[in-house]
Amino acid sequence: MEMLVDTLIEAPGWDGIDLAGLGERAGRAVLADLGLDAAGFEICLMGCDDARIAELNADFRGKPQPTNVLSWPSEERGAAVDGDAPDRPEPGMAMMPESLGDIAIAFETCAREAAEQGKDFESHVMHLLVHGTLHLLGYDHIRDGDAALMEAAEIRILDRMGIANPYD
């Protein structure tokens, strides 16, 4: 089976955590939910620390502080109408998959949030990876209708993975 997610670990906090496996599971679950064959796509995932994600957040969003997850879609797929489903990407071939984009996730912020919220660390990371993958596929939470659509997708996908609703 070809890997959907190409994972780069930049921070030692991720040692002992199977971020590559979590990313693969999250990516495949999101694509399956949307009826897309994972064999035609690829995602790049970087496990970093708060310092690195703060740099990225400053560079790309003008917000020089750490955040939990950032995503960079390979192309704009968002819906023109608030609450409509985003445009579906066209798959590549198994030997030349279509890039959906990049995700960066910060260990310290994820660990702190999981502890503060009383959540299992890996379940919290899985939620953030599902969230980031949905962003790559054009989902967003800026407009109300889009936010409702994205949140419902997250809850449905995580439920199928045996993970409780993260918004409860």
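Data for the structure
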| item | result |
| --- | --- |
| The chain - charge dipole about Cα centre, Lys and Arg +1 at Cβ, Asp and Glu -1, debye rounded to 20 | 160 debye |
| Three-way shape call for the stretch 1-104 based on the alpha-carbon gyration tensor, with the a/c threshold at 1.5 | oblate |
| For the stretch 88-162, the spread of Cα positions along each principal axis, largest first, Å | 41, 31, 24 |
| Spin-label model distance (nm) - Asp87 vs Asp37, 7 Å beyond Cα toward Cβ | 2.2 nm |
| The chain, relative contact order [Cα under 8 Å, separation at least 6], % | 25 percent |
| Of Ser74, Met95, Ser123, farthest towards positive along the dipole that unit charges on Lys, Arg, Asp, Glu beta carbons give the stretch 5-160 | Ser123 |
| Charge context of Ala39, other residues only, Cβ under 11 angstrom, K/R +1, D/E -1 | -3 |
| Gyration tensor (alpha-carbon) shape descriptor, the stretch 21-168, a/c threshold 1.5 | rounded |
| Choice from Gly78, Gly92, Gly62 with maximal GNM fluctuation in the chain (Cα, 10 Å cutoff) | Gly62 |
| Cα-centred dipole magnitude for the stretch 1-78, charges only on beta-carbon of K, R (+1) and D, E (-1), debye, nearest 20 | 280 debye |
| Positive-end residue of His141, Ala26, Ile155, charge dipole of the chain with Cβ unit charges | Ile155 |
| Packing-based order for 4-11, 113-120, using average beta carbon neighbours within 10 Å, highest first | 4-11, 113-120 |
| Residue-count net charge about Asn57 - beta-carbon cut-off 13 Å; Lys, Arg +1, Asp, Glu -1 | -1 |
| Shape category assigned to the stretch 1-62 from the gyration tensor of Cα positions, a/c cut at 1.5 | oblate |
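Computed from the coordinates by the stated procedures, all read-outs in this text should not be read as laboratory data. Not measured: the values here are computed from a predicted model. A quick note on method: Cβ atoms are made from the backbone with ideal geometry, for glycine too, and the neighbour counts reach across all protein chains shown.
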